[in-house]
Structure formats: C-alpha cells, structure tokens
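Input: a single structure, listed below in structure tokens.
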Amino acid sequence: MAHSIVPAPVSFTRNEGEPFTLDSTSSIVVGTDAEVARTGEMLAVLLRASTGYAIPVRADSVTTGAIILRANPAASGEEYQLRVTRDSVRIAGTPSGIFRGVQTLRQLLPPAIESHMKLNGTWTVPAVTIEDRPRFAWRGSMLDVARHFFTVDEVKQFIDLLALYKLNVLHLHLADDQGWRIEIKSRPRLAEMGGVTQVGGGPGGFYTQAEYADIVRYAQERFISIVPEIDMPGHTNAALIAHPELSCSRIAPAPYTGTEVGWSAFCPNKEETYALIDDVIRELAALTPGRYIHVGGDEVEVLTHEEYIRFIERVQDIVVRHGKEMVGWEEVGKARLRPTTLAQQWKSDSALLALKSGAKLIMSPSPRAYLDMKYTDATELGLKWAALIEVADVYNWDPATYQAGVTERDIVGVEGPIWSETLRNITAVQYLAMPRLPALAEVGWTPQSAREWESFRVRVAAHAPRWNYLGVNYHRSPQIPW
Ligand code: TNX
C-alpha cells in the first residue's frame with residue numbers, strides 16, 4: 001500500500017526524494033487570505049501539542065523548513081494540490097481545498113501526531129505529489145440530537161471527525177417527538193417546555209442561540225455547513241406540548257419518551273400553524289450561513305395526501321421567503337418542489353417523484369448509509385429495521401447507480417444519518433460512526449473508478465492508532481485487518 005489516506009485522493013504519486021521532517025525550526029507560512037491563515041493556526045495547534053515544537057505561523061515568504069499554505073485563485077470547489085519535498089510541504093488550492101489538504105497532511109504524518117501530549121517522535125512526511133478534489137459537493141452526516149440530546153462539546157467532537165474525513169455537511173435533527181433542541185426567541189416555550197426530556201426519560205436539553213451559533217462557527221472554521229432540521233408536520237409532539245393550539249384537538253399531549261414514529265402532526269388547516277413555522281424558520285435562517293433549511297416531512301401517517309402536499313408547498317414558500325432553500329426527506333417529492341429544493345432519498349419510494357419536480361437528491365439509502373443501524377445482530381447499539389450494515393455494505397455501492405432512474409446528474413451527494421434512539425452519549429455515536437463514516441466519506445469524495453474495498457480496508461485499519469490518540473471509540477469490525 002502506497003499510503004493510508006482516507007478518503008483516497010484522486011491522484012497520488014510517490015517522488016524519489018527524501019521525506020520532509022518536522023523539527024524545532026519548522027514553521028507554517030500563510031499568505032494574506034484570512035481563512036487560509038486560520039487554517040494555518042489550526043494546523044499549528046495540532047502539530048505543537050504532539051511535537052512540542054514552537055511551529056510559528058508567519059505571513060512572510062520563507063521557503064525552507066516550512067509548510068506553505070497558498071491560496072490559488074485558479075482553483076475551484078474544494079480542490080487542492082499537495083507537494084512534499086525534503087525542504088517543504090506546499091498545499092495550494094481554494095481556502096476550503098487547503099483545509100481538506102491539511103487533513104491529508106495529517107494522515108501522511110505518523111499517527112502519534114494526533115497525541116494531545118508531547119511525544120518524542122520522528123515526524124516525517126513522505127515525498128509525494130497529490131492532486132485532489134471531491135466527486136460530490138454534498139458529503140454529510142446527520143446527528144439526531146432530538147431523541148437523545150448531545151452537548152455543544154459532544155457535537156464539536158463529532159464535527160472533528162467529519163473534518164478529518166473531508167465531510168462538509170453536518171445536518172442536525174433539532175426537533176422530534178421526544179424533544180425540541182433549539183431556542184426560538186419569539187417562541188420561548190418551544191425549547192423551555194419541549195426540550196426537557198428525551199428517549200428513556202432523561203433530562204434532555206436544548207441549545208441557546210448563542211450556543212448554536214458557537215457550533216455553527218466551529219463547523220464553519222472547518223468548512224462544514226450546518227443544515228438545521230425542524231421535522232414537520234409529523235414528529236412534532238415536543239412542539240405541541242409547548243403549543244397545543246397547533247394540534248387539531250387543541251389538547252396538550254404528554255411528553256413522549258418512547259421510539260414509535262408517525263403518530264403526531266401539526267394541524268395543517270390552521271393559520272396559527274404557519275405563523276409559528278414562519279417565526280421558527282425566520283430565526284433559524286438568521287442563524288444559518290449556509291443555503292439550506294431541512295423541514296423533515298417524513299413519516300406522516302395522520303394527515304391526508306392533500307393536507308400533506310399543501311403543507312409542504314406552503315412551508316417550502318416560507319423557507320424561500322426567508323432566503324433559504326428547502327431540504328426534506330424524500331416524501332416531500334409528493335408535493336410540487338422548486339428546482340432549488342433537495343429531497344433526501346432514504347427508502348427509495350418518492351425520490352423519483354422529487355426528480356420529476358426538478359429537485360435534486362441527497363442519497364441516504366437506509367440499507368447502506370444509515371449509520372444508526374447495527375453492524376451485526378451481536379453488536380449492542382443501533383437499530384436494525386433497514387438492515388444490518390457492516391463496513392463493506394457502506395463502502396460497496398455507487399450513489400449514481402443505486403436506484404433505477406437516478407443518475408449522477410440528479411445527485412448533489414451523500415449523507416449518513418445517525419438517529420439516536422439507542423445512543424446516550426458521543427462515545428456510542430462514535431462506535432456506530434467508526435469505521436463506517438470514513439467508508440461513506442470515501443463514497444462521497446473519491447471517484448468511483450478509484451475506489452476499491454480491498455484497498456480501503458487496509459488503509460482504514462491504519463487509522464485505528466489515530467483514533468486511539470484522539471480518544472475516539474470504534475467498532476472492531478472483523479472485516480478490517482486491524
Ligand atoms: C426512520 S429515516 C426515521 C426516524 C427514525 C429512524 C431510525 C426517517 C426520515 N425517519 O424517525 O429515527 O428511522 O432509524
């Protein structure tokens with residue numbers, strides 16, 4: 001194996017010369033671009049901890065003993081080029097591409113580079129040339145913070161994993177029957193009354209807008225967009241506790257701590273419903289630098305077809321009125337969608353309808369991409385309604401051929417949802433995510449023609465020592481030669 005980079009880069013060439021070695025004189029050189037300078041500072045923080053070297057970050061033009069990060073105005077998207085010689089490491093690209101390239105550099109260094117303590121290592125980087133860019137623009141994961149609540153710090157730990165594997169979307173499932181997790185200033189009862197419990201009856205919780213903004217900023221520094229989801233019209237029991245006037249019965253429901261789905265709904269025929277949604281989307285849009293707001297739309301069993309369609313079309317207009325584009329689970333394909341709307345494929349039954357409307361798809365087929373499924377019957381955490389999903393199952397599919405009638409042009413990318421019915425802390429999330437999240441990351445990043453399971457399983461095995469240094473839990477899958 002020439003390298004153990006995950007996701008595998010588009011092109012990798014090993015050069016003749018000597019490796020680059022980090023030492024006490026090494027520095028990081030950045031230009032004038034503020035985002036590139038910030039990436040340089042982040043890399044310095046990482047390198048200083050394990051090497052103990054000073055690693056200054058400078059804006060001048062030293063060219064030896066240096067890691068040089070240089071914005072290339074001719075680059076586009078997230079592309080980067082990385083070139084290592086005995087004298088320097090050069091990463092050039094767009095600001096986001098340079099950040100992705102820095103993740104490649106991390107993976108070219110010994111695993112101990114991830115240590116939070118100073119170690120006496122030999123910090124070499126092999127002489128290589130890499131050209132790299134992603135296959136898909138949308139490479140994400142979803143964290144369900146509604147079924148169980150995760151703290152800001154836990155969400156940041158999850159973002160760190162996304163960043164290491166070059167993912168660029170974190171979809172946060174912020175409201176469901178069991179909890180409402182985001183402060184809405186114009187409707188304070190939503191979080192105050194709707195946020196107090198979770199599956200199994202624990203205390204739950206919610207993010208204040210300041211805390212949420214902190215998550216958004218942390219993600220943005222890693223070139224990751226947060227896509228907030230408020231699930232509606234179903235999955236709304238927590239909201240109805242706070243606002244019973246939005247249910248057709250007007251009776252406040254009891255808090256729900258079980259895991260059944262499909263039974264709750266906003267009343268679709270009341271103006272009060274749309275007034276509340278307007279307040280919520282307006283505040284969420286203001287908290288969201290990215291283009292998208294996810295409105296759920298899944299598993300509604302208590303409205304008629306017509307009620308459902310009218311509801312989704314109205315909510316789509318609300319999202320657009322607040323300057324954002326709508327994302328919904330694929331059921332929203334039953335309604336008339338705008339060409340800028342995205343439908344999230346998960347069970348294959350309405351994705352083609354969404355395409356007919358002119359929308360594009362995010363591919364999250366539940367038997368392949370649902371990272372909350374169990375690996376095998378014997379593993380404790382996770383559900384199994386869609387499938388048992390071992391690492392190879394996440395790896396061995398092509399988003400462009402998965403569903404008949406869906407082609408590469410119809411797809412913006414892939415996303416691996418992690419529903420949290422069985423997940424009470426971030427260690428449990430990590431167990432289900434690792435090593436399946438890196439497998440999905442390679443599905444989304446690496447050209448199909450350059451992907452090979454036999455190669456992936458060997459490369460990802462080499463990451464376990466990194467996860468140990470990072471304190472990240474993982475499943476010791478028998479498919480991986482650890
Ligand atoms: C289905 S996937 C759901 C969620 C559950 C998940 C559990 C989807 C759009 N809805 O409400 O949490 O299964 O795997």
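Looking at Glu211, Glu306, Glu221, Glu325, can you tell me which residue is of a type outside the set (Val, Ile, Thr), over 30 Å from Ala37 (Cα atoms) and out of contact with any strand residue (DSSP E or B) (no Cβ under 8 Å at 6 or more places or on another chain)?
Among Glu211, Glu306, Glu221, Glu325, only Glu306 is of a type outside the set (Val, Ile, Thr), over 30 Å from Ala37 (Cα atoms) and out of contact with any strand residue (DSSP E or B) (no Cβ under 8 Å at 6 or more places or on another chain).
Sub-6 Å Cβ pairs linking a first residue in the stretch 346-359 that is closer than 17 Å to Thr401 by Cβ and modelled with pLDDT of 95 or more to a second residue that is assigned to a loop (DSSP other than H, G, I, E, B) and away from the ligand (no atom under 12 Å from the Cβ), at least 6 apart or interchain, are Leu352/Gly405, ordered by first then second residue.
Within the stretch 283-298, being surrounded by fewer than 16 Cβ atoms within 10 Å (Cβ to Cβ) and either in a helix (DSSP H, G or I) or within 16 Å of the ligand (Cβ to nearest atom) (or both) holds for one residue alone: Ala286.
For the stretch 224-244, state whether one or more residues are out of contact with any Cys (no Cβ under 7 Å at 6 or more places or on another chain), within 16 Å of the ligand (Cβ to nearest atom), in contact (Cβ under 8 Å) with a residue 24 or more places away in the chain and of a type in the set (Ser, Thr, Tyr).
Here is the first cut: in the stretch 224-244, the residues out of contact with any Cys (no Cβ under 7 Å at 6 or more places or on another chain) are 224-244.
Filter once more, keeping what is within 16 Å of the ligand (Cβ to nearest atom): 227-239.
In the following step, the residues that additionally are in contact (Cβ under 8 Å) with a residue 24 or more places away in the chain were identified as 227-239.
Next, only the ones that are of a type in the set (Ser, Thr, Tyr) stay: 236.
Checked against the condition, which is being out of contact with any Cys (no Cβ under 7 Å at 6 or more places or on another chain), within 16 Å of the ligand (Cβ to nearest atom), in contact (Cβ under 8 Å) with a residue 24 or more places away in the chain and of a type in the set (Ser, Thr, Tyr), the stretch 224-244 yields at least one hit.
Could you identify the single residue in Val45, Val102 that is in contact with a Ser or Thr (Cβ under 8 Å, 6 or more places away or on another chain) and part of a helix (DSSP H, G or I)? Break it down into steps so the answer makes sense when it comes.
Numbers: Val45 fails: in contact with a Ser or Thr (Cβ under 8 Å, 6 or more places away or on another chain).
Exactly one of Val45, Val102 is in contact with a Ser or Thr (Cβ under 8 Å, 6 or more places away or on another chain) and part of a helix (DSSP H, G or I), namely Val102.
Residue by residue, here is whether (1) of a type in the set (A, V, I, L, M); (2) more than 21 Å from the chain's Cα centre (by Cα); (3) buried (at least 21 other Cβ atoms within 10 Å of the Cβ) holds:
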site	(1), (2), (3)
Ala378	yes, yes, no
Ala386	yes, no, no
Trp397	no, no, no
Ala400	yes, no, no
Gln448	no, no, no
Glu454	no, yes, no
Ala461	yes, yes, no
Leu470	yes, no, no
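Restricting attention to the stretch 369-393, the residues being away from the ligand (no atom under 11 Å from the Cβ), among the charged types (D, E, K, R) and part of a loop (DSSP other than H, G, I, E, B) number 3.
Would you check if there is a residue in the stretch 304-326 being in a strand (DSSP E or B) and either modelled with pLDDT under 95 or within 13 Å of the ligand (Cβ to nearest atom) (or both)? No, the stretch 304-326 contains no residue that is in a strand (DSSP E or B) and either modelled with pLDDT under 95 or within 13 Å of the ligand (Cβ to nearest atom) (or both).
Candidates are the residues of the stretch 350-368 that are over 23 Å from the mean Cα position of the chain (by Cα) and within 16 Å of the ligand (Cβ to nearest atom); the one that is surrounded by the most Cβ atoms within 10 Å (Cβ to Cβ) is Ser350.
Between residues in the stretch 129-148 that are within 12 Å of Arg181 (Cα to Cα) and residues that are charged (D, E, K, R) and part of a strand (DSSP E or B), which pairs lie under 6 Å by C-beta distance while being six or more apart or on different chains? Taking only residues 6 or more apart or on different chains, the pairs are Ala146/Asp176.
If you filter the stretch 24-37 down to residues that are in contact with a helix residue (DSSP H, G or I) (Cβ under 9 Å, 6 or more places away or on another chain) and assigned to a helix (DSSP H, G or I), you find that the one that is surrounded by the most Cβ atoms within 10 Å (Cβ to Cβ) is Val36. Of Tyr218, Tyr207, all but one fail to be within 26 Å of Ile362 (Cβ to Cβ), surrounded by fewer than 24 Cβ atoms within 10 Å (Cβ to Cβ) and of a type in the set (Phe, Trp, Tyr); the exception is Tyr218.
Could you tell me whether the stretch 449-460 includes any residue that is more than 30 Å from Pro203 (Cβ to Cβ), outside any loop (DSSP other than H, G, I, E, B) and aromatic (Phe, Trp, Tyr)? Break it down into steps so the answer makes sense when it comes.
Looking only at the stretch 449-460, we keep the residues that are more than 30 Å from Pro203 (Cβ to Cβ), and these are 449-460.
Now restrict to residues that are outside any loop (DSSP other than H, G, I, E, B): 449-450, 453-460.
From the residues that got through so far, the ones that are aromatic (Phe, Trp, Tyr) too are 453, 456.
Taking every residue of the stretch 449-460 in turn, at least one turns out to be more than 30 Å from Pro203 (Cβ to Cβ), outside any loop (DSSP other than H, G, I, E, B) and aromatic (Phe, Trp, Tyr).
Inspection of the stretch 248-260 finds a residue satisfying the criterion of being closer than 29 Å to Arg338 by Cα and either more than 16 Å from the ligand (Cβ to nearest atom) or out of contact with any Asp or Glu (no Cβ under 6 Å at 6 or more places or on another chain) (or both).
Considering each residue of the stretch 36-52 in turn, at least one proves to be of a type in the set (S, T, N, Q) and within 17 Å of Phe223 (Cα to Cα). Of all residues in the stretch 255-285, exactly one satisfies the criterion of being of a type in the set (A, V, I, L, M) and without any contact (Cβ under 8 Å) to a residue 12 or more places away in the chain, namely Ala275. Pairs meeting the criteria (first residue in the stretch 377-402 and at negative phi, second residue small (Gly, Ala, Ser) and more than 16 Å from the ligand (Cβ to nearest atom), beta carbons under 7 Å, at least 6 apart or on different chains) are Glu390/Ser477; Val391/Ala439; Val391/Ser477; Val394/Ala439; Tyr395/Ala439. Looking across the stretch 78-98, just one residue is surrounded by fewer than 24 Cβ atoms within 10 Å (Cβ to Cβ), touching a helix residue (DSSP H, G or I) at 6+ places or on another chain (Cβ under 6 Å) and either in a helix (DSSP H, G or I) or among the hydrophobic types (A, V, I, L, M, F, W, C) (or both), and that is Pro95.
The values are calculated or read from the model by the stated rules, or taken from the named source; none is laboratory data. Given the structure is predicted, the values throughout are model-derived calculations rather than measurements. Positions of Cβ are backbone-derived with ideal geometry, glycine not excepted, and every protein chain shown enters the neighbour counts.
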